[in-house]
1. Any residue in segment 189-210 that is in a helix (DSSP H, G or I) sitting within a Cβ distance under 7 Å of a residue that is at pLDDT below 85 and charged (D, E, K, R)? List the pairs, counting only those 6 or more apart or interchain.
2. Scan ASP255, ASP245 and give me the residue that is under 27 Å from ILE123 (Cα atoms), assigned to a loop (DSSP other than H, G, I, E, B) and at pLDDT 95 or above.
3. Can you give me the number of residues within segment 258-306 that are more than 11 Å from ALA167 (Cα to Cα), more than 22 Å from the chain's Cα centre (by Cα) and assigned to a strand (DSSP E or B)?
4. List, please: which pairs have Cβ atoms under 7 Å, are six or more places apart or on different chains, and start with a residue in segment 45-65 that is in a loop (DSSP other than H, G, I, E, B) and end with one that is surrounded by 15 or more Cβ atoms within 10 Å (Cβ to Cβ) and of a type in the set (Gly, Ala, Ser)?
5. Report, by residue number, each residue of segment 76-94 that is modelled with pLDDT under 95 and surrounded by fewer than 24 Cβ atoms within 10 Å (Cβ to Cβ).
6. Please verify whether VAL225 is in a strand (DSSP E or B), within 22 Å of ALA197 (Cβ to Cβ) and within 18 Å of the chain's Cα centre (by Cα), treating the condition exactly as stated.
Amino acid sequence: MTTSTNLFPPFLDLLKLVRVRRETFLLSTPLFIVNPRAGGGKARSFLPLGGEIRFTDGPGHATELARDGLKEGRSLIVAVGGDGTLNEVVNGFFEGNRPLNPSAELGVVGIGTGCDTIKSFRIPKDPRKAFRLLDDFEARSIDLCRVGFRDHHGEEALRYFINIAEAGLGGAVVFSTNKSTKKLGGFLTFFLGTLQAILHHRNATLELQVDGDLPRALVAANIVVGNGKYFGGGMKILPRAEFDDQLLEVLVMGDLSRLELLANLGGVYFGTHLKHPLVECFRASRVKISSTRPLLLDVDGEQPGTTPADFEILPKALKVRIPS
């Protein structure tokens, strides 16, 4: 009996040591969540030398992997893929309204059709360079956006996004783009998708409520809400947006005709579209959109549902490794 009792302390100490070493390993080892289909399958050619790699196997899987990693105790989760993969990983940092680990950091390596978020962050487009510089990047607390909406089953849903969301024409563009092969690359894929969407687009009658003011009725082609400057394969849609000003950047494209939309398409790539008299840009903490017919949403290049939509800013809600 005495011998048996004396055996337990060393055994328990061993278990404790194993647990501590595992926690240290998880804390110090970055988790790379890789979309193997990103960039037409090129993601597998740009894998990191260190850390742990987990591949996604379908829509929503990156969110699950990120959430699992944070629950394991990871301090750095790196999204490797396009804007859609990044959006899923960002949503994995939260469970409902609750952040899983406020001190955890997000890394971003862009490989995909759009990769617009890295343009605002000034992260190198070359994945090999982004991997190499990841340890040198500064962890900055940035604002995050959250939107409540109706999913495709008509149920209330919630989604976080790091770059840009929109309701109206932009949702139609993403619908068209996501059905394409994307083999033409980001610029041509989104440009052709935009042309196709404009030709079939109808402006919508909607109500817009800003920061609790009385709703105002208007007819609009598109409403863009976000934190970043770029979307659609390089379009500079929100040239004044900042990731850390604690405000949403809001763009209202009014009752523009198809011809006017086509004529001003080139200006969107340079940010000069803000000069158009039917384009309005402002900042807000919260924006609600309701419409007479459901409008497709684009949320960081994904299409989770439709209006009505309720957008809000979450100041300094996420730590991201970006160039200083």
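1. Here the result reads THR189/LYS182, each pair linking segment 189-210 to a residue that is at pLDDT below 85 and charged (D, E, K, R).
2. Going through ASP255, ASP245 in turn, just one is under 27 Å from ILE123 (Cα atoms), assigned to a loop (DSSP other than H, G, I, E, B) and at pLDDT 95 or above: ASP245.
3. Residues flagged as more than 11 Å from ALA167 (Cα to Cα), more than 22 Å from the chain's Cα centre (by Cα) and assigned to a strand (DSSP E or B) within segment 258-306 amount to 2.
4. THR56/ALA62
5. Matches in segment 76-94: GLY84 only.
6. It is true that VAL225 is in a strand (DSSP E or B), within 22 Å of ALA197 (Cβ to Cβ) and within 18 Å of the chain's Cα centre (by Cα).
Here's the yes/no breakdown for (1) among the hydroxyl-bearing types (Ser, Thr, Tyr); (2) over 30 Å from ALA79 (Cα atoms):
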residue: HIS276; (1), (2): no, yes
residue: VAL279; (1), (2): no, yes
residue: PHE282; (1), (2): no, yes
residue: SER285; (1), (2): yes, no
residue: SER291; (1), (2): yes, yes
residue: GLY305; (1), (2): no, no
residue: ALA309; (1), (2): no, no
residue: PRO323; (1), (2): no, no
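Residue by residue, here is whether (1) of a type in the set (Lys, Arg); (2) in contact with a strand residue (DSSP E or B) (Cβ under 7 Å, 6 or more places away or on another chain) holds:
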| residue | (1), (2) |
| --- | --- |
| VAL108 | no, yes |
| ILE118 | no, yes |
| LYS129 | yes, no |
| ASP136 | no, no |
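The values are calculated or read from the model by the stated rules, or taken from the named source; none is laboratory data. All values reported here derive from a predicted model rather than from experimental measurement. Every residue, glycine as well, gets a Cβ built from its backbone with ideal geometry; the counts of neighbours run over all protein chains shown.
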